[in-house]
Amino acid sequence: MNFVPRERILVVDDEAGIRELVGSYLRNEGFDVDEAVSGEEALARYGQGAHDLIVLDLRLPGMGGLDVLREIRRTSAVYVIVLTARADETDKLIGLELGADDYITKPFSPRELVARVRAVLRRRRDGDIEADDVIRFDGLTIDIGRHEVRVDDAVAELTNLEFELLAALAEAPGRVFTRRQLIERVWGWDFYGDERLVDVHIGNLRKAIGDAADEPRFVGTVRGVGYKCVARPS
């Protein structure tokens, strides 16, 4: 019988009640949970163990959540869900631009948070592309097995989500995907967050691969509809 390790979540929040509530729900769902009360402790704990996902409050004392996310993204593509207050629209957008995979606003339902965690962790695509496939375009190579993207022979640094978005588009060059279709393919069919997440992450993806919205080489916008891969086959 093969042993399957349980997925490990790091919950970062300075409010003990939220940590205990979220931790309790996640443990009941079969996850291993670590906790941190500050940004500094979050980085220390993350450096000590292999976490599959981080639940990160952006309003932390001392080192703020955005700075924690910045530091993590320097070396890691680990999944991150940020917690924000309803009024913190700017922090939410900055968090997404820094590479957060999803966000949830306080107050929130612990069941909703668990559903978001499961949706993010389930994003390993099982579509038509095989694990050892390499997709090649003029100036762009997507190596599924190695989880690597090269632009003009230089490796592009992408988060997991950006990689999955690019692979989803590249799977059907020229096909237009709506935001909802991309959410279903990348986040999962049961994701019920804001569809504007797609726009932010497409913007991040374009930056990572040196693309431009007005003169795209790889990812084009179809106004009022969605996005498509415009790269030319090699």
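The values are calculated or read from the model by the stated rules, or taken from the named source; none is laboratory data. What you see is a predicted model, and the numbers here were worked out from it, not measured in a lab. Please note: Cβ atoms are built from the backbone with ideal geometry, for glycine as well, and neighbour counts cover all protein chains shown. SASA here: full protein model, heavy atoms, side chains in, ligands and nucleic acids out. Shrake-Rupley method; radii C 1.70, N 1.55, O 1.52, S 1.80 Å.
Odds and ends about this structure:
- Gly49 farther than 13 Å from Val114 by Cα, buried (at least 22 other Cβ atoms within 10 Å of the Cβ) and in contact (Cβ under 8 Å) with a residue 12 or more places away in the chain: no
- Cross-chain or 6+ apart pairs with Cβ under 6 Å, region 131-152 first and closer than 15 Å to Pro173 by Cα, then acidic (Asp, Glu) and open to solvent by less than 70 Å² (accessible area, probe 1.4 Å): Val134/Asp143
- Residue within region 62-82 that is among the hydroxyl-bearing types (Ser, Thr, Tyr), more than 14 Å from Pro110 (Cα to Cα) and touching a strand residue (DSSP E or B) at 6+ places or on another chain (Cβ under 6 Å) present: yes
- Count of region 18-31 residues, restricted to those that are over 19 Å from Ile72 (Cβ atoms) and open to solvent by 10 Å² or more (accessible area, probe 1.4 Å), is 9.
- The residues of region 136-163 that are in a loop (DSSP other than H, G, I, E, B) and in contact with a His (Cβ under 9 Å, 6 or more places away or on another chain), listed by number, are Leu158, Thr159.
- For region 137-174, taking the residues that are among the β-branched types (Val, Ile, Thr) and farther than 17 Å from Val230 by Cα, the one that is surrounded by the most Cβ atoms within 10 Å (Cβ to Cβ) is identified as Thr159.
- Within region 175-225, the only residue that satisfies the criterion of being buried (at least 20 other Cβ atoms within 10 Å of the Cβ), assigned to a loop (DSSP other than H, G, I, E, B) and among the β-branched types (Val, Ile, Thr) is Ile209.
- Of all residues in region 52-85, those being among the polar types (S, T, N, Q) and either open to solvent by 10 Å² or more (accessible area, probe 1.4 Å) or in a loop (DSSP other than H, G, I, E, B) (or both) number 2.
- When region 114-130 is filtered for residues that are farther than 24 Å from Arg73 by Cα and either open to solvent by 70 Å² or more (accessible area, probe 1.4 Å) or modelled with pLDDT of 90 or more (or both), the ones remaining, listed by number, are Asp126, Asp128, Glu130.
- Selection within region 86-105 - open to solvent by 40 Å² or more (accessible area, probe 1.4 Å) and either over 13 Å from the mean Cα position of the chain (by Cα) or under 23 Å from Glu20 (Cα atoms) (or both): Arg86, Ala87, Glu89, Thr90, Leu93, Ile94
- Hits in region 72-94 - residues which are of a type outside the set (A, V, I, L, M, F, W, C) and out of contact with any helix residue (DSSP H, G or I) (no Cβ under 6 Å at 6 or more places or on another chain): Arg73, Arg74, Thr75, Ser76, Arg86, Asp88, Glu89, Thr90, Asp91, Lys92
- Any hit, region 165-179, residues being out of contact with any Leu (no Cβ under 9 Å at 6 or more places or on another chain) and under 20 Å from Arg122 (Cα atoms): yes
- Candidates are the residues of region 25-46 that are free of Cβ contacts under 8 Å to residues at least 12 places away in the same chain and closer than 19 Å to Ala119 by Cα; the one that is nearest to the chain's Cα centre (by Cα) is Arg27.
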